[in-house]
Every structure is written in C-alpha cells, then in structure tokens.
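The values are calculated or read from the model by the stated rules, or taken from the named source; none is laboratory data. Note that this is a predicted model, so its numbers are computed, not measured. Here the Cβ is made from the backbone with ideal geometry for all residues, glycine too, and neighbour counts use every protein chain on show. Remember, those area values only see protein heavy atoms, side chains included, never the ligands or the DNA or RNA. Shrake-Rupley method; radii C 1.70, N 1.55, O 1.52, S 1.80 Å.
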Amino acid sequence: MLVALDAGHGGSDSGCRSVVDGTFESHYVLQVTKLVEKLLKPHVDVMLTREDDTFVSLRERCRDANARKADLLVSLHTNFATSSAQGYEVFTSRGTTRADKLALKLASRHIETFPAQRNRGIKEANFYMLKHTFMPAALVEFGFFSNIDEVTWLTMDKTKAKLAEAVASGILDFLNISQTDQPALTLEERVARLEDHLRL
Ligand SMILES: [Zn+2]
C-alpha cells in the first residue's frame, strides 16, 4: 500500500501567508505533511511529492504519484480569503466515488478532532492535482491564513500535531487499517512471549 502526500506549493511558490506572522503556507503544510508521514509509516509506504522547500510543478507531482502507482493521494493546503472566512474544507474531483469516500473519512476524523472549528464541508472541484491523478485524491484546506483567530490557532504546535493525526487516521480509515494493529511478530518473538507468559 502506497500513500502519496502532497505538501502544497513550495520554493518560489509559497502559497498564501499568515496575516499574523507571515508564515508561508508552503512551509506550514510541509511540516504537517512530515508529521503525517511519520504517523503513517508504521502502517503503509509513504511517498512525498516534495521533501523540502523546492518548487515542483503540479504536472511533475501528478506524474510522480501516477508512475509510482500510489493507492491514494492527499494534498495539504491552507486557505486565504479577503473576507473574514474561516473553517475546514475538503475537495474531491467530480464524480469519483472512491475519492468521495476518502474525503469523507478525512473530514470525519477532522471534525471529530476539532468539533469547535467551522466545517465548510466536502466540495467537488476540478483542481489540477485531483483531475490528473489516477488514484483517489482529496485536497484538504485546514483553515484560513487570512483569519487572525484561525491562523493563530492553526500555527500552534499542538494544532499541527492534531491536524496530522486526523489526516493519518482518515487515510487509515479509508484503507481499512486499524491503528491498534500490532506489527506482525516473528515466530521467535511469539515463542519468547509465550515463555514469558508461562513463567508468570
Ligand atoms: Zn494552497
């Protein structure tokens, strides 16, 4: 099982910027992406469309995920608006049931983790990353970097860790992988455990 994580933007394309401290979306989503990667690694293989703060075109990102036959792709972003908009939303490509299911799993975990954040729902959009990837794909907008309250909350370390947990859990739910599953034991480990147990 291979999960593709796409940290939006990067390099010369910094995405949006926090109205509070100027944090770049590109830096922020890369941090969260790496946290998600760490959480997923005990369960599945993970590929990142970019590993550091470099510019990678949308075309290259899709080509990479397609060539490696990733089983799903999640693209991570933060939002910006000139209004006081706030909230979380997920986008899927039009008319793909599997991608809708992925978006639903991601949104469910997010809403469960952050019941107080405004939920803008699951939406369909013909974004490049969603349209040009062969696997189920979803694009997450964690919240608005243009909203002072929301960006202050989003950029806290605790929030980043929880955002990552929600994304990882949503992905594992979609793949029907239980997070409590223990890694498979070797025969020797099982015998050792049994011996330990019998000694008690
Ligand atoms: Zn973005």
Scan the stretch 179-192 and tell me whether some residue there is open to solvent by 90 Å² or more (accessible area, probe 1.4 Å), in a helix (DSSP H, G or I) and modelled with pLDDT of 95 or more.
no
Here the qualifying pairs (Cβ atoms under 8 Å; residues six or more apart or on different chains; first in the stretch 101-120 and without any contact (Cβ under 8 Å) to a residue 60 or more places away in the chain; second crowded, with 18+ Cβ neighbours inside 10 Å and among the aromatic types (Phe, Trp, Tyr)) come out as 103/91; 111/88; 114/88; 117/88; 118/88; 119/88; 120/88
Being in contact with a strand residue (DSSP E or B) (Cβ under 9 Å, 6 or more places away or on another chain), of a type in the set (A, V, I, L, M) and open to solvent by less than 20 Å² (accessible area, probe 1.4 Å) narrows it down to one residue among 3, 46; which is it?
3
Those strands (runs of 3 or more DSSP E) lying entirely in the stretch 67-152 with at least 2 residues open to solvent by 70 Å² or more (accessible area, probe 1.4 Å)
119-124
Scope the stretch 46-87; condition over 20 Å from residue 132 (Cβ atoms), within 16 Å of the ligand (Cβ to nearest atom) and out of contact with any Gly (no Cβ under 7 Å at 6 or more places or on another chain); matching residues:
80, 81, 82, 85
Take the residues in the stretch 11-20 that are within 10 Å of the ligand (Cβ to nearest atom) and not charged (D, E, K, R); name whichever of them is farthest from residue 46 (Cα to Cα).
16
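Answer yes or no: is there a residue in the stretch 6-19 that is among the β-branched types (Val, Ile, Thr) and open to solvent by 30 Å² or more (accessible area, probe 1.4 Å). Walk me through how you get there before you give the answer.
Within the stretch 6-19, the subset among the β-branched types (Val, Ile, Thr) is 19.
From what's left, open to solvent by 30 Å² or more (accessible area, probe 1.4 Å): 19.
Yes; the residues of the stretch 6-19 include at least one that is among the β-branched types (Val, Ile, Thr) and open to solvent by 30 Å² or more (accessible area, probe 1.4 Å).
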Where a residue in the stretch 15-31 is closer than 16 Å to residue 57 by Cα and its partner, wherever it lies, is in a helix (DSSP H, G or I) and more than 10 Å from the ligand (Cβ to nearest atom), with Cβ under 6 Å and at least six apart
none
Of the conditions (1) modelled with pLDDT of 95 or more; (2) more than 15 Å from residue 171 (Cα to Cα), the single one that residue 94 does not satisfy is (1)
